[in-house]
Each structure stands twice: as structure tokens, then as C-alpha cells.
Amino acid sequence: MARRGVRHRTGLYAAGMIKPIELVIFDCDGVLVDTEPLAVPIQVALGAELGWPLTEDEVMHRFIGRSSASIGEDIALRVGDETAGLWQELFEQRHREAVDAGLSAVEGLPEALGAITLPTCVASSGSHEKMRHTLGRTGLYEHFEGRIFSATEVSRGKPAPDLFLYAARRMGVDPAACVVVEDSRPGVEAARAAGMRAFGYAGGLTPAERLEGTGTVVFHDMGELPGLIAAG
């Protein structure tokens, strides 16, 4: 049985600085498509091959939820620019192969989308090319087409608020009327920095305690999401 969402009614909630939800902003990896279980072991294997041994927990804490550019900078500091470039090239190749071999939508996500009546969009640390591939493989691309935003379009990736503010602006919605669905700590931190509520999905790889915080509801089952949105 799924655990009930954990609510934190401090900060924006207590201050009365939020509005009724008008827009639901989805992260992509780990929220819409179940890519994280594919990506993490690939990064661990590349670290072992290219001179920076990493555990799965270290990959989760360092890489998940961050843009490719930010991850590349982190890797370059450890192994140098040339090896970091090779690392990125190999990661993209192996990730694409893994996606083609068997990527699925996050469990319960298609049904949840069908029950959400508010406008939705995607704002992800991934590139547009990557999202066309992953969302396309799972049949979700058409659902969001024309409403997909990437960290490559802004100066700073998560945990900076830039991407979520950009998505809200493009969708014509006040940030205070947006809610973000995220599965990573940088993602929920970016939502808070943008003055938006966050629904932290803890049904994947990120532990619930890394998602908890001000203005955040943590939940464990995508079947809960439509009700959480309806409750505001």
C-alpha cells in the first residue's frame, strides 16, 4: 500500500503567497519515464572505466536531476576535459541503447495524466534530443509536444530556478500558480527557489527525506497525483 503524501505547510503556504494551481510542470527523467534505473549503473560503469570510481549512491547525489553541462563540469574537475568529453559521448551512446532495449513510462503515470485536467508541460535537465527519444519511446511525446522545455534554454540548470521560471513564462502562468512534479533534490530545490509548490515523487530511486522541505508534498505512488493536484 502506498504511503500517504507528507505535507509541509510552512514558508509559501503559511505566508499565503501561492494561488490556486493553474499549471502542472513535470520533470522528465524519473517522473515521466523510468530512465534513472538505466542511467545510474551506466554512470557507475563509466566511472570505473575512466578513472573516477563512483557508487550508485554517489551518482544519485551528484548527477541525478542536474543538467548534462553541470555533470560534465563536475566530471572534468576529476578526470580532465578530454576524458569528460569521452565520458559524455559514451554515456549518450549507452543510454540510448538502454532506452531502446526497454524503457517504460513511470508506473501509474499514463493513468495519472489521463485524470489531470489542468494544463501541463515538461521542464527537464535533459536536452530536447534526449526527451524526443525517451518520451517518444514511451508514447508520451505527443501528449506534451509544444510544451517541452530544456535546461539548454536557460543560463543555469537546477537547483537554480531559471528553468521553471522560463517554463511558467512561456506558458503564461504566474509562478505562484504553478506546481512542479519532481523526483530529485535539485529539482525540488529549484521549484522552491522559483516560488512554486513541489510534489516530490519518492516512488523511484531518491529517498523521501531528500525531497522533503518547505512548500513540498512528498508522495510515493503516481496514482495519488491527480488527487494531490485537485486538493491544491
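The values are calculated or read from the model by the stated rules, or taken from the named source; none is laboratory data. On a predicted model such as this, the values are computed, not experimentally measured, just so you know. No Cβ is skipped: glycine too gets one built from the backbone with ideal geometry, and neighbour counts run over all protein chains shown. Please note that ligands, DNA and RNA were not included when accessible areas were found on the heavy atoms of the full protein model with its side chains. Shrake-Rupley method; radii C 1.70, N 1.55, O 1.52, S 1.80 Å.
Results, tabulated for the structure shown:
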read-out	value
Local net charge near V24, Cβ-Cβ under 12 Å (Lys/Arg +1, Asp/Glu -1)	-1
Amide H contacts under 5 Å for L23, placed H, 5+ residues apart	V179
Interchain or long-range residues, amide H under 5 Å from F149's placed H	V122, A123, S124
Antiparallel bridge percentage (DSSP; both residues within the chain; nearest 5)	15
Built amide H within the under 5 Å cut-off of V33, gap 5+	V106
³J(HN,Hα), Karplus 6.51/-1.76/1.60, whole Hz, each residue of region 187-194, x for Gly, Pro	x, 5, 5, 5, 4, 4, 5, 7
Derived scalar couplings ³J(HN,Hα) [region 45-54; Karplus, 6.51 cos²θ - 1.76 cosθ + 1.60; whole Hz; x for Gly, Pro]	5, 5, x, 5, 6, 10, x, 9, x, 9
Ordering of 66-72, 82-88, 162-168 by packing [mean C-beta count within 10 Å, highest first]	162-168, 66-72, 82-88
Helix 128-137 axis, angle to the chain major axis (alpha carbon atoms, nearest 10°)	80
Check: the chain dipole with +1 on Lys, Arg Cβ and -1 on Asp, Glu Cβ, in debye	900
Tilt relative to the chain, helix 68-79 - C-alpha long axis, 0 to 90 degrees, to 10	40
Derived scalar couplings ³J(HN,Hα) [region 201-218; Karplus, 6.51 cos²θ - 1.76 cosθ + 1.60; whole Hz; x for Gly, Pro]	7, 9, x, x, 8, 7, x, 4, 5, 7, 9, 5, x, 4, x, 10, 10, 9
Binned Cα-Cα distance frequencies in region 47-114 - 10 Å width, integer %	17, 43, 27, 11, 2
Extent along principal axes [Cα atoms of region 119-232; Å; largest to smallest]	32, 28, 25
Accessible area of region 90-232 divided out per residue, in Å², using a probe of 1.4 angstrom	40
Percentage, to the nearest whole number, of Cα pairs in the chain over 34 Å apart	11
Dipole magnitude of region 166-232 about its Cα centre (Cβ charges: Lys, Arg +1; Asp, Glu -1), debye to nearest 20	300
Summed side-chain charge close to V173 - residues other than V173 whose Cβ falls under 13 Å, Lys, Arg +1, Asp, Glu -1	+3
Label-to-label distance, nm, for residues given as L77 and T55 (7 Å Cα→Cβ offset)	2.0
